[in-house]
Each structure stands twice: as structure tokens, then as C-alpha cells.
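Chemist: Structure below; questions to follow.
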Amino acid sequence: MTAPRGVAARLRELRDAIDRHNHRYYVLDDPEVPDSEYDRLFQELQAIETEHPELVTADSPTQRVGGAPLAAFDEVSHSVPMLSLENALSADALAEFDRRVRERLGRDGQIRYAAEPKLDGLAISLRYERGSLVQAATRGDGSRGENVTQNVRTIASVPLRLLGEGWPRVLEVRGEVFMPRKGFDRLNAGQRAAGDKTFANPRNAAAGSLRQLDPAVTAKRPLAMFCYGLGLVDGHAMRDSHAANMALLKDWGLPVSPELQVVDGLAGCAAYFADIGGRRAELAYDIDGVVFKVDSVADQATLGAVARAPRWAVAQKFPAQEELTVVEGVEFQVGRTGAVTPVARLKPVFVGGVTVSNATLHNMDEVQRKDVRVGDTVFVRRAGDVIPEVVRVLPQHRPKHARVVRLPAHCPVCGSEVSRPEGEAVARCSGGLFCPAQRKEAVKHFASRRALDIEGLGDKLVEQLIDQSLIADPADLFALDVDRLAALERMGQKSAQNLVDALDKSRSTTLARFLYALGILGIGETIATHVAAACGTLEAVMTLKLANLVEIKPSQAQRLQAILAETAEPATAIDTLAAFDGAKWFTHTHALLLAERFATVGDVVAAAPGDVANTPDIKIDGVGDVLAEKLVTFFRQPHNRDVIAKLLESGVHWPDVPVAAVAQQPLAGKTFVLTGTLSASRDVFKERLLALGAKVTGSVSKKTDYVVAGAEAGSKLTKAESLGVPVLDEDGLEALLSGAAGD
């Protein structure tokens with residue numbers, strides 16, 4: 001079943017948002033949303049991917065953990081991935097976890113769980129070889145982390161050599177580095193005395209201390225660690241339960257939580273959670289919940305893991321803390337993907353040990369749902385004990401001067417139009433190629449492999465170029481010369497020449513790649529291919545109007561005219577229709593379409609129904625009303641058009657393909673699905689198919705013409721066989737491609 005376009009769009013929004021939050025939390029140690037909001041986004045993403053497995057991609061946040069390592073540290077590959085944990089945000093969620101465990105194990109009786117507090121710190125992996133500590137690494141993205149060995153060696157509770165005997169030849173231990181509260185208080189007192197910036201909370205202090213470039217600084221910080229699990233173990237048979245293994249680690253001198261207990265069944269979990277919650281303030285360190293793990297190692301192996309988290313463990317979070325304060329103002333921030341986010345400026349209030357003066361409002365849907373106004377008294381919550389959010393408003397305390405929050409029409413950073421298509425929660429700046437807030441991401445995307453594929457232009461180099469004001473937009477890349485590049489950090493004469501050569505090579509591309517490289521919101525690689533095929537030339541794409549793409553049926557036009565005649569003033573500007581909700585079918589995109597032809601509402605009412613109706617003259621596969629609006633809005637921005645003109649002047653070019661020739665391509669109208677492991681990456685075969693006019697999708701349906709199945713093909717192959725869709729192996733595909741290409 002093909003997912004609705006709205007579902008795919010929401011999926012992209014969720015993945016962008018979660019990637020951003022992961023980066024800020026794991027890499028920058030500067031999260032911008034509370035844990036509860038992150039959990040909600042992640043659960044929504046999981047729910048959509050569960051319902052539409054054909055949309056799951058290898059780069060989805062559900063398939064990985066955390067963020068990329070900092071360039072300042074060497075990179076370490078984890079022998080065994082450092083997985084994250086699923087969250088249980090309520091007693092019901094914990095009960096559901098217990099039910100799934102028993103069901104998968106085929107047990108009717110109680111499960112024994114190892115229970116311990118969930119520390120609020122930084123995940124770490126220690127590697128011991130023949131009893132000696134040889135490496136320490138952060139979680140990073142779960143597969144790759146940062147080498148912080150020298151810093152971890154300064155933590156007094158971490159043994160440099162294991163005690164006793166009988167330990168494995170190789171032992172990887174996973175744990176959490178944290179800062180006890182008393183140590184945190186002493187550190188901040190010292191910071192204040194020295195006139196330095198204080199830390200917001202122990203978690204930030206621990207993360208910042210562990211990732212110091214100078215180990216001498218880390219050595220002065222009061223860090224501690226508790227071990228909670230194992231990674232690679234080579235040369236030793238560990239014990240048969242989690243608790244027993246933790247006891248063994250303790251015998252070898254490794255620190256283990258003194259609160260670790262084994263409990264029986266759901267009732268035991270609930271009792272432990274209540275007990276620790278009651279003693280939370282008495283503990284010497286911050287915790288934000290409890291981790292429950294199936295104690296039997298054999299049962300853990302049976303349960304296994306999903307891409308991101310083990311099926312045998314769950315983290316139950318504590319309720320967030322709340323306080324009352326006043327919204328003194330609302331400002332709008334622009335994120336790296338152009339998301340325009342409202343942020344509440346609060347009368348400072350002490351919540352959960354931290355003074356809070358700002359809180360996220362997430363998006364305008366949330367602002368309107370909660371009816372947040374400037375001057376309101378609100379509950380603010382530090383969800384997950386990290387980031388504050390406005391939970392709810394107390395309307396009974398609303399002053400007469402309370403001001404309604406309105407989405408700005410233009411970006412507060414660059415002045416481009418702010419677009420919020422129908423059905424989308426997030427509003428975005430449309431000046432993607434120009435807006436300073438989006439500049440780095442725009443250039444990184446432009447240079448990426450599936451875009452202009454500029455070899456050697458990595459993320460760190462892009463950041464250097466922008467930070468040193470050598471480039472301001474993608475077009476400036478082509479003005480770079482060897483001398484300026486060679487002067488950059490870690491760039492010699494040869495590397496600089498190689499990059500200049502790569503830039504020169506990238507000038508020759510295709511219209512589809514160029515459109516994708518522009519980073520138009522919602523226009524991915526496949527849609528860019530369809531747009532290029534339907535229009536043929538860049539000029540045709542840039543001159544598209546909504547009237548070319550969006551339909552208003554005559555019957556819809558008549559109903560709209562009748563409603564407007566009864567409800568609107570004739571002289572009202574057509575722009576007001578953007579908020580019109582008198583007809584279910586009428587969207588923001590339809591309002592913009594009418595604005596291309598009419599000045600006032602009265603003009604719409606007075607026109608013949610046939611003049612209000614619209615029949616699109618271009619059909620682009622996959623482009624509905626929402627994407628049509630994004631496409632037209634992007635090219636309407638003068639700043640974006642200026643950058644495109646600069647790119648063309650710099651020599652970026654491609655062969656235009658006459659639209660009439662597209663339908664004559666040998667595989668035009670044929671739909672393919674690729675599955676399983678092929679001799680080359682799927683992208684290679686996808687590009688060859690697209691070049692011959694084929695369409696490549698991610699899901700199998702009755703409309704699929706061929707499924708190409710490599711080794712270990714799974715559910716897509718099964719579905720193809722059940723639907724009677726022809727299946728090709730790689731040899732069959734090669735024969736088809738060669739025949740279609742006339743080889």
C-alpha cells in the first residue's frame with residue numbers, strides 16, 4: 001500500500017526534527033526541547049514507520065542512536081553497537097512492555113527484572129584488554145563514538161586495571177559518567193568565584209567535563225561512573241544473568257550502582273519505581289527514571305533488539321516538574337532547516353533546580369491549541385529535568401492587555417516569505433539558499449553525493465568556509481581558488497587543488513540533480529527527477545505557477561462563491577482566504593492559486609464559475625497541492641533566484657531534455673522496486689533506471705511492473721510473489737537495462 005503524501009511529508013518533518021534534537025543533545029550538549037517532546041516525536045515516527053514499513057530508510061532516527069562524534073576527538077568504532085532504550089512514559093506503557101516480553105518468550109508467569117536508577121549523565125564504553133584500560137569512548141551515533149580515553153583515566157572511580165583475576169582477554173563495559181550533586185555545587189561555586197560561567201545542571205557539567213580537549217581540566221572535575229552493561233566480551237564465559245554479571249564487574253573493581261536490585265514481575269517493578277521515586281531527592285546524584293532489564297541473559301538473546309534499542313529493556317521516566325510563571329514575550333527562531341519556531345520569553349522561575357527564562361512553544365499549532373498569549377500566566381515544566389516547555393495556560397489569570405501570538409509573514413533572519421502549507425505543523429523560511437540561519441545546511445546539501453557530488457567538500461570544511469566568510473551561498477563555491485583553500489586548517493596545496501578540480505567536475509550535472517541540490521523543502525531525489533522530466537528545462541520549472549499544477553473543480557468553485565457571498569465582505573483582500581475554513585477541500589494552496597488571478601474576495605464572487613475553477617496543464621508524478629506550493633514559493637523568492645543565476649553564471653550546466661522525449665524513453669511508465677543485496681548499491685541501479693525513464697519506488701503494489709530482488713530479499717519479494725508482480729534477479733535486470741539502452 002502506498003502511503004498518502006501527507007504521511008510521507010510528516011515523516012520527513014519528524015526525521016528532520018529528531019535529527020536536529022539528537023545533534024543538539026548528544027553532540028552540542030545543548031538540547032532545545034524537553035525529553036517528553038522528543039519522546040512524543042519519536043513515538044509518532046515509530047508509529048508511522050510501523051504502519052508504513054515501506055517508508056523506513058537506513059538513515060531514519062529509529063535505525064540509529066544519538067549524534068555524530070565531534071571532530072576534535074579521534075573516532076572509535078564500537079565492536080558492539082551502543083543501543084538506546086525505549087521509554088515507558090506511564091505505568092500502562094510499562095505494563096505493555098512486560099506483556100510484550102512475556103508474549104515473545106511464551107511465558108505465562110512473572111519475568112525477573114534487574115532494576116536500577118536511570119542516571120542523568122553521558123553514556124560511555126570502557127575497553128579493557130588483559131585487565132588494563134586501553135580505550136574509552138562516548139556513545140556517539142551508537143556505532144561510532146569519540147575517543148575520550150585520556151579524560152576517563154582521570155575519573156577516580158574508573159580502575160585503570162581490573163582487580164582480582166579471571167577477567168576476559170577483552171572486556172567492554174558500558175556505563176554512565178555523571179557528576180554527583182555535591183561535586184556539582186562545588187564546581188559552580190568555584191566557577192562563580194573565578195567569574196566564569198556556571199553550569200545549568202549536573203548532566204551538562206558532566207558532559208562538558210568529559211569532553212574537554214585538555215585532560216587536566218577533566219581531572220579537576222568531580223566526575224563519577226556506574227557500569228550498567230557489557231559490550232564485546234572475548235575469552236571468558238560470563239554469568240547467566242544481568243545482575244550476576246554486574247556483581248562480577250564489581251568484584252573486578254568496576255563501580256556498579258548500589259541501588260541495583262532484582263525484582264519479580266510487573267508488581268516488583270512498580271514497587272521499585274515507587275521506592276526510588278520516593279528517595280530520589282536523597283540520592284547523591286540526579287536520576288530521571290528507572291531502567292528495567294530482563295535479568296536472564298539467555299532470555300535477552302531470545303528477545304533480541306530492533307535497530308535502535310533492545311527488546312529486553314525499558315526506561316520508565318519520572319513525572320516532570322512544574323512551576324507557574326508569566327509569558328513576557330514570544331520570539332521566533334529560525335533553525336538549520338528553515339523551521340520558524342516560537343520561543344516564549346518567561347519571567348525567570350526556579351524549576352527543578354534551574355532558573356528558567358525561556359521555553360519552547362514548538363510550533364503555531366501548539367501555540368493555538370494551548371492558546372498561549374503574551375502576558376499569560378502559564379505552567380512551565382522541565383520535562384526530563386532538562387529543557388523547559390509551556391504546558392498549559394491559566395486563562396482565569398489572563399490580563400486585558402494579553403497579546404495574541406501571530407506567525408510572522410517574513411523570516412526574522414533574512415526577510416523571505418514564511419510558508420506553512422495546509423496540514424503541516426511547522427512553518428518554514430522559504431529563502432533556503434540565502435537565509436544565514438540555513439546557510440551551512442544548504443551548502444552541505446548542495447555538495448552531497450546525490451546532489452552535485454562535490455568530492456572532498458565535507459561538513460567541517462563547509463563550516464570553515466562559512467565561518468571565515470569565504471562563501472555565503474552555494475554559488476560562491478565555484479569562485480574558490482587553490483590559494484584561498486590551501487590557507488585553511490588541514491588543507492594543503494594538493495587537497496586544495498583536488499577540491500578545485502572536483503568543483504570544476506561538478507559543474508556538469510543533470511537538471512534533476514540540480515533541482516535536488518537546491519534543497520527545496522519536500523523535493524527529494526525522486527520528486528526532483530519527476531519535475532525535471534515533466535518540465536524539461538530550468539526556465540520551465542522556475543516559471544511554474546500554481547495554476548499549472550493545482551485543480552479547482554467547477555462544482556467546488558460554485559460552492560466557494562456561494563459561501564463567500566454570504567460570509568465575506570466583497571472588498572476584503574484575497575489574502576484573507578489563507579485562513580478560510582468554510583470548505584473542507586479548500587486549502588492554503590487554493591488561496592494562493594486564487595491570489596494569482598484575483599485582488600479581492602468580491603472579484604472571486606463576481607467571476608464566472610469557470611474563471612474561478614482551474615484545470616492544471618502539467619502533471620508531475622508525486623507533486624500534489626502541498627508540494628506544488630513549496631515548489632512555486634521557492635522559485636518566487638528573489639534571493640533564491642539570485643543564487644540560481646549566480647550558479648548558472650559560474651558554469652553549472654546540464655543538457656536539457658525536451659519534454660516530448662521523456663515519454664519516448666524506453667522504460668517510461670514502468671515502475672520498479674529494488675530489494676535485497678545487489679552487487680552495487682541500490683543508488684547505482686536506481687540512477688540507471690531513472691536515466692531510461694523508469695520510476696523507482698520503495699513499496700510493492702499491483703501497479704508495480706518489476707521487483708528486482710537481490711540476496712536476502714524479504715517482505716517486498718514475498719508481497720511481489722503474492723501479487724503476481726514479475727521478479728527479476730540482477731542478471732535479469734542487466735539484460736533488461738541493456739536491451740532498453742540498445743546495447
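Chemist: Looking at (1) closer than 16 Å to PHE292 by Cα; (2) assigned to a strand (DSSP E or B), can you tell me which one VAL76 breaks?
Modeler: The one condition VAL76 does not meet is (1).
Chemist: Also, I was wondering about something else. Residue pairs, Cβ under 9 Å, 6 or more apart or interchain, first in the range 272-284 and farther than 20 Å from PRO180 by Cβ and assigned by TED's automatic domain parsing to the domain that holds LEU223, second part of a helix (DSSP H, G or I) and at pLDDT 90 or above. List them.
Modeler: Close Cβ pairs satisfying both conditions: PHE273/LEU94.
Chemist: Also, quick follow-up: Which residues, taken from the range 709-742, are hydrophobic (A, V, I, L, M, F, W, C) and closer than 12 Å to LEU674 by Cα?
Modeler: ALA709, ALA711, ALA713, LEU717, ALA720, VAL727, LEU728, LEU733
Chemist: Right, another one. Just give me the residues in the range 608-628 being among the acidic types (Asp, Glu) and assigned to a helix (DSSP H, G or I), in sequence order.
Modeler: ASP611, ASP625
Chemist: Further question: Would you confirm, using the coordinates I've provided, whether ALA613 is small (Gly, Ala, Ser) and either within 21 Å of ILE523 (Cβ to Cβ) or out of contact with any Pro (no Cβ under 7 Å at 6 or more places or on another chain) (or both)?
Modeler: no
Chemist: Here's something else I'd like to know. Looking at LEU163, LEU187, LEU89 in this structure, which one is under 22 Å from MET246 (Cβ atoms) and of a type in the set (A, V, I, L, M, F, W, C)?
Modeler: Exactly one of LEU163, LEU187, LEU89 is under 22 Å from MET246 (Cβ atoms) and of a type in the set (A, V, I, L, M, F, W, C), namely LEU163.
Chemist: If you go through the range 235-249 one residue at a time, how many are more than 18 Å from ARG112 (Cβ to Cβ) and either modelled with pLDDT of 90 or more or outside the structural domain of ARG130 (by TED's automatic domain parsing) (or both)?
Modeler: Residues flagged as more than 18 Å from ARG112 (Cβ to Cβ) and either modelled with pLDDT of 90 or more or outside the structural domain of ARG130 (by TED's automatic domain parsing) (or both) within the range 235-249 amount to 1.
Chemist: Can you say whether GLY109 is under 28 Å from ASP299 (Cβ atoms) and assigned to a loop (DSSP other than H, G, I, E, B), as far as the supplied structure shows?
Modeler: yes
Chemist: So ILE563 fits all but one of (1) part of a helix (DSSP H, G or I); (2) surrounded by 17 or more Cβ atoms within 10 Å (Cβ to Cβ); (3) out of contact with any strand residue (DSSP E or B) (no Cβ under 9 Å at 6 or more places or on another chain); what number is the exception?
Modeler: ILE563 satisfies every listed condition except (2).
Chemist: Can we say TYR38 is outside any loop (DSSP other than H, G, I, E, B), surrounded by 16 or more Cβ atoms within 10 Å (Cβ to Cβ) and at pLDDT below 70?
Modeler: No.
Chemist: Please work out which residue is modelled with the lowest pLDDT, limiting yourself to the range 361-387 and to residues that are in a strand (DSSP E or B) and surrounded by fewer than 20 Cβ atoms within 10 Å (Cβ to Cβ).
Modeler: Ranking the qualifying residues of the range 361-387, first place goes to PHE379.
Chemist: If we keep just the residues of the range 446-484 that are acidic (Asp, Glu) and within 25 Å of the chain's Cα centre (by Cα), which is surrounded by the most Cβ atoms within 10 Å (Cβ to Cβ)?
Modeler: In this case the residue turns out to be ASP473.
Chemist: Can you give me the number of residues within the range 171-228 that are among the small types (Gly, Ala, Ser) and farther than 30 Å from ALA115 by Cβ?
Modeler: Within the range 171-228, residues that are among the small types (Gly, Ala, Ser) and farther than 30 Å from ALA115 by Cβ number 7.
Chemist: Looking only at the range 150-157, decide whether some residue is touching a residue at least 24 places away in the same chain (Cβ under 8 Å), over 21 Å from VAL233 (Cβ atoms), surrounded by fewer than 17 Cβ atoms within 10 Å (Cβ to Cβ) and basic (Lys, Arg).
Modeler: Yes; the residues of the range 150-157 include at least one that is touching a residue at least 24 places away in the same chain (Cβ under 8 Å), over 21 Å from VAL233 (Cβ atoms), surrounded by fewer than 17 Cβ atoms within 10 Å (Cβ to Cβ) and basic (Lys, Arg).
Chemist: Give all pairs with beta carbons closer than 6 Å in which a residue from the range 538-553 that is among the acidic types (Asp, Glu) meets a residue that is surrounded by fewer than 18 Cβ atoms within 10 Å (Cβ to Cβ); count only pairs at least 6 apart in sequence or on separate chains.
Modeler: GLU551/PRO616
Chemist: Among the numbered criteria (1) touching a residue at least 24 places away in the same chain (Cβ under 8 Å); (2) over 30 Å from LYS686 (Cα atoms), which single criterion is violated by VAL393?
Modeler: Every listed condition holds for VAL393 apart from (1).
The values are calculated or read from the model by the stated rules, or taken from the named source; none is laboratory data. Owing to the predicted nature of the structure, the values given are computational and were not obtained by experimental measurement. When we count neighbours, we look across all protein chains shown, and the Cβ atoms used for this are built from the backbone with ideal geometry, even at glycine.
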